[in-house]
Amino acid sequence: MLCKRKDKDSMIIAVPSFNGEVFQHFGKTPEFTLFTVENNAVIDKKVQPTMGNGHGALAGFLKQFRVDAAVCGGIGPGAVNALDDMGIKVVSGAEGPVEEAVSAYLQGRLDSNSPVSCHHHDGEEHDCGHHQGGCGEHGCHH
């Protein structure tokens, strides 16, 4: 189920990105591609640099742009909780071009009940490219 604004049939979807691809570590993304969607069709797309914001600050960063949903690759439980607290739906497990990830979400192909998380707090880094097909389902508060 897509997240809709009360006032109209529209939403803003944020995708952590780099060079037009889904960036696989949510908390370290250099930018978000923001898609404005009306009546299930993308009407606007813009790239917004994170300006050095990372991890915990990203939920507030996205809220200032009135984001309704985050379509991402790997994401840790802390970020999922922070986004959920801001009323932002989280869908993880996306990869490839950002446009394809948003299209898959709008077509209901990324919506599932099992969250995919990355755990990078043990000091080991990896690109999270191993995540395939799972997504987090969080209630929409709009």
Inset, instruction - Filter segment 64-96 down to residues that are open to solvent by 10 Å² or more (accessible area, probe 1.4 Å) and in a loop (DSSP other than H, G, I, E, B), then give me how many there are. - result: 7
Inset, instruction - For segment 38-63, name all the residues that are touching a residue at least 24 places away in the same chain (Cβ under 8 Å), part of a helix (DSSP H, G or I) and open to solvent by 40 Å² or more (accessible area, probe 1.4 Å). - result: 63
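The values are calculated or read from the model by the stated rules, or taken from the named source; none is laboratory data. Bear in mind the structure is a predicted one, so any value in this text is a computation, not a measurement. Every residue, glycine as well, gets a Cβ built from its backbone with ideal geometry; the counts of neighbours run over all protein chains shown. Calculation scope for accessible area: heavy atoms of the full protein, side chains included, ligands and nucleic acids excluded. Shrake-Rupley method; radii C 1.70, N 1.55, O 1.52, S 1.80 Å.
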